[in-house]
Each structure stands twice: as structure tokens, then as C-alpha cells.
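I am attaching a structure below and will ask some questions about it afterwards.
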Amino acid sequence: MLRRNFLANFGYGLGAMGLSECLGAVSSGAFQDSTSVQETTGNPKTPGVLTSLHHEAKAKRVIFLFQSGAPSQLELFDHKPLLKERQGEQLPDSVRGQQRLTGMSGNQSSLPLVGSAFDFAQHGQSGTWMSNLLPHTAALADDLCVVRSMYTESINHGPGVTLFQTGSQLPGRPSMGAWLDYGLGSENANLPSYVVMVTKNKGGQPLSARLWGSGFLPARHDGVLFRSGADPLLYLNLPAGIDVTSRRAMLDALGQLQTEEAEQTGWHDLESRIEQHELAFRMQSSIPEVTDFSSEPQHVLDLYGPSVTDKGSYAANCLLARRLAQRGVKFIQLFHQDWDHHGGLPGGIRGLCQETDQPSAALLQDLKQHGMLDDTLVVWGGEFGRTNYCQGKLAGNDYGRDHHPRCFSIWMAGGGIRGGTTYGETDEYGYNIVQNPMHIHDLHATMLHLLGIEHTRLTYKYQGRYFRLTDVHGRLIRDIIA
């Protein structure tokens, strides 16, 4: 009988708490923007399963700038002058070894080496090599750790992106953000702790919601996708003729119906569903505030470039990422598509760098100006690399590159990362790693460590075994930690 009474009143109790928190936040000015205010602005924290961190954290949050389609490391970060010297010559069998190729270039009779069409130079006191395609990023070389020795088993986009986001090539596992939400909870009860944004109007390889899903974790740990345009979340605004009091009464009634359903059916996911309804109610005030850039100073808007006022652009999403991080959102994922350059690479990558270089650098500068870069881990990269040989026919300065899982480059900054460093090295052909390889599981293990989590100790039991983000692999890369 006690259990029946508890369930019968459960929806009302959550409803009352949700309303009081929402109204309390509004009355206290918690939704007012301020560049001097960081984190929660007084909003209550929602705890995760970890009652305490495993060690002191260097980072409080992550912003992942995922470049979907796999940008060419040979045009951006991995300077290989030998490829220009031997332009048009065949890739030596001794370099390729037994590596399998994709069906797109595996049947070519010729695999001609091709050097980058772009110039490289050293930047900063660290002397980090970068392409002239990235002038804004290169200006911050001393804040970056460029990893040139990433590798993966995946040779195609679907498994490659899935492995990067979930730690497994097979669909169905929880994403990185879901694991963090599960382990650490939220710093702001009025916003999701895991937000996803996809640059609008981009082609390339398709993206699926499973990439930011919760897998076998409770559904409340799903990433929340913000759309471009006037309404970041569909159906969030109150319909015409409905006020906050009416919506509150509706949620209370819905909670009562759900408790009755639980009594009759034994459905055990009641709490997740009610929590999502309550969060949506609170977001009716918090989302319009966080997505409104009108309070941003002009010099900040100028920092991100002219497209920052175009909602859903990469620049706008980078600025929104800073505003979300400032309000306690734990994991912010940006996807920017169309880096899959099997042909026409010089023109294609030039355009994409023009879209992303300034906003990515601006995000780091903006975080630094707000005193947030030291405890915000920013990661930039795609799912694998590109070949050192031309896919298809090499025609002057026009060429393409196929998928290459053996080595590729990413960069990291802030959040305990040792800036002004380069980690790992590839051979003179840019084909194999010769020093300090870093697998995706190693990257995940290191990211979790920076957040205060020992990667083998954040687990979830499902179908008789304990799972974790790093599966049964992963090692901490201490050399890149400050």
C-alpha cells in the first residue's frame, strides 16, 4: 500500500518540484545572461551515479568539434615534403604492406603519390607545423596539442564515426556524452547536460541520432539535438492559448496517468519519461535565453566571423557552445559534415577551412577571455585520415584521397592539455605511425581522466556483462597532460 501511495503521488511531487525550480530560477534572474557569470548561476545540480570523482579533475566540460567525413591530415597538420618530391610515383609496396584498401581505390592499377597543394609553416614558440589553410588556428599553436598519430580499425564512415562517438564500431552502444551524463550528472537543472548541434545545409555522409544516443543506458541520457532556425527544439514553445499554469497542470495529470500505467504494466522506465517531460518544461525558459545572442558584445560576434548571426551555421554553433558551457552543460558536440574528399580535394578543403578555421579559433579565444579554457576540454577531428596517394586519376593540382585508418591528426586544447605540443609521428610518406600511436580508446581514456574519471571504473551492466566507453581497451596518454 505504501508503494502504491508513493507511485500515485510521484507525478505530482515531481511536478511541484519542477515548477518551483523553474519559477525560482526566473525570479532570481538565473536566466539573465552575464559574461561574468559561469556555470550554474544557482541552479541545482542533478547528480550522476558517481558519488565522487576518482581523482582531481582538470576539466569540467567537453566541447567536441567533430569534422564528419574525415579531413585530410596531409593538407592540414602532417607536413610531408617527400610527397611533393615524388609526386606521381607509385606508393612503394614496402610502405603499404598488406593494408586493405577500400573498394573505391583498391582496384586502381596505379596508386600515385600526391603532395599537398598547400604550403606549410611553423607557428608559435612551439614551432608547430600547420597548413596555410588554417591561419586563425595556427595563431593559437601554443594553446594546442596536435596529435599526428591517431589510428583506428575502421575504414568506412559508418563504423568509423560510430567508433569515435561510442567506443564501438557496432551501433547500439552509449555515446560519449551519454556516458558522462550517466556518470557525472548535470550542473544546470534547466538545461540538458548533453547537447548536439549539426551545421545546417551541409552534404556528405549522413548522421544518425544513434551517434548521440544513450544506447542501453536509461533514455534520459540521450543527447538533445538543437536544430537551426527560430526553434532549436520542436514543440518547446507553448501553443496559442496555453499558459505556464495550464502546462503545469497538464504535466501533473500526465504524471498521474503514467504512475497508473506503471502499476498496471510493471513498466520500469517511468522515471526517465517523467524527467524528460519536466526538463522540457524548464527548458521553455532556458532555451530561448541561451540561444539569444543579442546580449553578446559586437567584438565577440566579430571574433567568430560574419556568419555567426546565421543560426545553425558552424560559427553560430561555436558561439552557442560557449554559452552552453558557461551555463553548466557538460558535453557539447558539434558536427560539421562534407570533409569526404575523394575528388576535388584542394577546392573542397579550402572552402571547409574557410567555414571552420576562424570560428574554431574564436571559440578557444572566447573561452580564454571568460576564464574557461583552463577547465574546458576542446577536441577537433574526424573519424579517420586520408591516403597519401591519389584516388582516381592525378590531374595536375586536382586530386582526391581515399580513406586511411592507419594514421590521422586531431588537435586538443584546454582542460588540462599540454599546449604547444605535438604528439606522435608518421613516416616520411605519411602512411604509417612510427612513434607514439594513439588509438581512439586511448583518446577516450585520456578524456575521461581529465574529467576525473578512471575509464575502467565507469561501467554499466547490460545483458550479463559490464560495459564501458573504452570497451576492454584504452590507456591513459600522460604525455599530453599538463
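Only residues that are in contact (Cβ under 8 Å) with a residue 60 or more places away in the chain and under 20 Å from Gly167 (Cα atoms): list them for segment 212-233, please.
Matches in segment 212-233: Trp212, Phe216, Leu217, Gly223.
Here's another thing I want to ask about it. If the requirement is being under 30 Å from Gly88 (Cβ atoms), crowded, with 24+ Cβ neighbours inside 10 Å and at pLDDT 95 or above, which of these qualifies: Asn388, Asn317?
Of Asn388, Asn317, the one residue that is under 30 Å from Gly88 (Cβ atoms), crowded, with 24+ Cβ neighbours inside 10 Å and at pLDDT 95 or above is Asn388.
Can you pull out the residues in segment 91-115 that are in a loop (DSSP other than H, G, I, E, B), hydrophobic (A, V, I, L, M, F, W, C) and within 25 Å of His79 (Cβ to Cβ)?
Leu91, Leu101, Leu111, Val114 - these are the residues of segment 91-115 that are in a loop (DSSP other than H, G, I, E, B), hydrophobic (A, V, I, L, M, F, W, C) and within 25 Å of His79 (Cβ to Cβ).
Moving on. Do any residues in segment 340-359 that are over 24 Å from Pro306 (Cα atoms) have Cβ atoms under 7 Å from those of residues that are modelled with pLDDT under 95 and surrounded by fewer than 22 Cβ atoms within 10 Å (Cβ to Cβ), where the two are at least six apart or on different chains, and which pairs are they?
Asp340/Gly204; Asp340/Gln205; His342/Met104; Gly343/Gly392; Gly344/Asp398
Of Asp402, Asp357, which residue is acidic (Asp, Glu) and under 18 Å from the mean Cα position of the chain (by Cα)?
Criteria check complete, one pass: Asp357.
Filter segment 211-257 down to the residues that are among the polar types (S, T, N, Q) and modelled with pLDDT under 75 and list them by number.
Result: Asn237, Ser246.
Continuing with the same structure: Based on this model, can you work out whether Gly414 counts as within 18 Å of the chain's Cα centre (by Cα) and more than 21 Å from Pro159 (Cα to Cα)?
Spelling it out, Gly414 is indeed within 18 Å of the chain's Cα centre (by Cα) and more than 21 Å from Pro159 (Cα to Cα).
Kindly establish whether Thr356 is polar (S, T, N, Q), in contact with an Asp or Glu (Cβ under 7 Å, 6 or more places away or on another chain) and surrounded by 24 or more Cβ atoms within 10 Å (Cβ to Cβ).
no
Can you name the condition, by its number, that Thr376 falls short on among (1) without any contact (Cβ under 8 Å) to a residue 24 or more places away in the chain; (2) within 17 Å of the chain's Cα centre (by Cα)?
Against the list (1) without any contact (Cβ under 8 Å) to a residue 24 or more places away in the chain; (2) within 17 Å of the chain's Cα centre (by Cα), Thr376 comes up short only on (1).
Might you let me know whether segment 78-90 holds any residue that is surrounded by 15 or more Cβ atoms within 10 Å (Cβ to Cβ) and within 19 Å of the chain's Cα centre (by Cα)?
Within segment 78-90 (the criterion being surrounded by 15 or more Cβ atoms within 10 Å (Cβ to Cβ) and within 19 Å of the chain's Cα centre (by Cα)), the answer is no, since none of the residues qualifies.
If I ask for residues that are under 19 Å from Asn188 (Cβ atoms), more than 25 Å from the chain's Cα centre (by Cα) and at pLDDT 85 or above, which ones from segment 262-314 would you list?
Correct list: Ser295 only.
The values are calculated or read from the model by the stated rules, or taken from the named source; none is laboratory data. This is a predicted model, so every value here is computed, not measured. So basically every Cβ, Gly included, is an ideal-geometry build from the backbone, and we count neighbours across all protein chains shown.
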